[in-house]
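Written out below as structure tokens is the structure these notes cover.
The values are calculated or read from the model by the stated rules, or taken from the named source; none is laboratory data. Note that this is a predicted model, so its numbers are computed, not measured. No Cβ is skipped: glycine too gets one built from the backbone with ideal geometry, and neighbour counts run over all protein chains shown. These accessible areas exclude ligands, DNA and RNA; they are computed on the full protein's heavy atoms, side chains included. Shrake-Rupley method; radii C 1.70, N 1.55, O 1.52, S 1.80 Å.
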Amino acid sequence: MAGADGQWLMASQHTETAGSRSSLNEEEVRRFAELAEEWWDPDGPFKPLHRINPVRLGYLRDRLCEIFGRDPNTARSLDGLRILDIGCGGGLICEPLTRLGATVTGIDPAHETVAVARTHASGAGLDILYEATTAEELLARGEQFDAVLALEVVEHVDNVQAFVDTVAGLAKPGGAVIFSTINRTMKSYALAIVAAEYILRWVPAGTHQWDRFVTPGELTGAFRAAGLTPTNETGLIYNPLTDEWRLNPDTDVNYFATATKRA
């Protein structure tokens, strides 16, 4: 039920352009550009992301520290790591990663969203490189990063393997790739679509299409085909009794998947 993120804006319809593939869905870019000013409102349309961000950040920090041999308990545990956040939205994950010491690049195709992210980071005194561009364009420029994040993106692409291939190409040898997405189960249909969109109205109706959800097995297969080695799968669950999100082995609905690129 996480998935109100602007990260999927990098995603959906693969078309051939002059020498490169575009993964943009222009309708989704337009729709989320209209919400650009709402990104940092904790009670606005992106409220679910504000709620899950501490848990999400903890997962990212711990996996990256594990892969790069860092101590997650230090204040700047990601110092020196160059991280790409694909579909960064307003910068909800870019800013805390920067505070942990990482050098962060956030990309999003919506110029309005990038403008909001830049303004907020500047006001917070954070040096983050934001670009209104696509993952494919960065790959064509030969960019590579220690870690590439695709959070709430892959469930909005038509060609999962092509997208994973692009992400893998953006990771340095020995680098890390971390996805978060939604499993394709009847439980996810009930919770991520019926409950989250139509009953609780956590995200706008029509945000998700169940047949686009990606199972852990499918994502693991795509990782391996792209030359990545899967290293971790962890679920993200919501407890309605405590009104809290937490990590859990249950990957039936929301889950994280981490892989490394062969050195």
Being of a type in the set (Ser, Thr, Tyr) and open to solvent by less than 70 Å² (accessible area, probe 1.4 Å) is the filter; apply it to segment 105-141 and report the residue that is nearest to residue 60 (Cα to Cα). 105
Give me the residue from segment 82-104 that is open to solvent by 10 Å² or more (accessible area, probe 1.4 Å) and either at pLDDT below 95 or in contact with a strand residue (DSSP E or B) (Cβ under 8 Å, 6 or more places away or on another chain) (or both) and, out of that set, farthest from residue 138 (Cα to Cα). 98
So which residues in segment 206-263 are open to solvent by less than 40 Å² (accessible area, probe 1.4 Å), modelled with pLDDT of 95 or more and hydroxyl-bearing (Ser, Thr, Tyr), if there are any at all? 215, 220, 234, 251, 255, 258, 260
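Out of 203, 194, I need the residue that is at pLDDT below 90, part of a helix (DSSP H, G or I) and out of contact with any Ser or Thr (no Cβ under 6 Å at 6 or more places or on another chain). Which one? Can you show your working first?
Numbers: 203 fails: part of a helix (DSSP H, G or I).
From the options 203, 194, the qualifying one is 194.
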Is it the case that some residue within segment 187-205 is of a type outside the set (A, V, I, L, M), within 19 Å of the chain's Cα centre (by Cα) and under 21 Å from residue 84 (Cβ atoms)? no
So is residue 113 polar (S, T, N, Q) and out of contact with any Asp or Glu (no Cβ under 7 Å at 6 or more places or on another chain) or not? yes
Scan of segment 42-53 for residues that are open to solvent by less than 60 Å² (accessible area, probe 1.4 Å), of a type outside the set (Phe, Trp, Tyr) and not in a helix (DSSP H, G or I), ordered by number: 44, 45
Residue 77 being in contact with a Cys (Cβ under 8 Å, 6 or more places away or on another chain) and more than 23 Å from residue 163 (Cβ to Cβ): yes
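Residue by residue, here is whether (1) touching a strand residue (DSSP E or B) at 6+ places or on another chain (Cβ under 6 Å); (2) of a type in the set (Asp, Glu); (3) at pLDDT below 95 holds:
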| site | (1), (2), (3) |
| --- | --- |
| 109 | no, no, yes |
| 127 | no, yes, no |
| 146 | yes, yes, no |
| 156 | yes, no, yes |
| 159 | no, no, yes |
| 168 | yes, no, no |
| 198 | no, no, yes |
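Across segment 82-119, what is the number of residues that are on the phi > 0 side of the Ramachandran plot and within 15 Å of the chain's Cα centre (by Cα)?
Residues that pass the stated criteria total 3.
What helices (runs of 4 or more DSSP H) completely inside segment 94-190 contain at least 3 residues that are within 30 Å of residue 210 (Cα to Cα)?
Output list reads 111-123, 135-140, 160-170.
Just to be sure, is residue 56 basic (Lys, Arg), open to solvent by less than 30 Å² (accessible area, probe 1.4 Å), modelled with pLDDT of 95 or more and under 24 Å from residue 244 (Cα atoms)?
Spelling it out, residue 56 is indeed basic (Lys, Arg), open to solvent by less than 30 Å² (accessible area, probe 1.4 Å), modelled with pLDDT of 95 or more and under 24 Å from residue 244 (Cα atoms).
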So for segment 72-85 (the condition being part of a helix (DSSP H, G or I) and within 21 Å of residue 235 (Cα to Cα)), does at least one residue qualify? no
Selection from segment 155-172 of residues surrounded by fewer than 21 Cβ atoms within 10 Å (Cβ to Cβ) and either farther than 17 Å from residue 225 by Cβ or of a type in the set (Phe, Trp, Tyr) (or both) yields 172
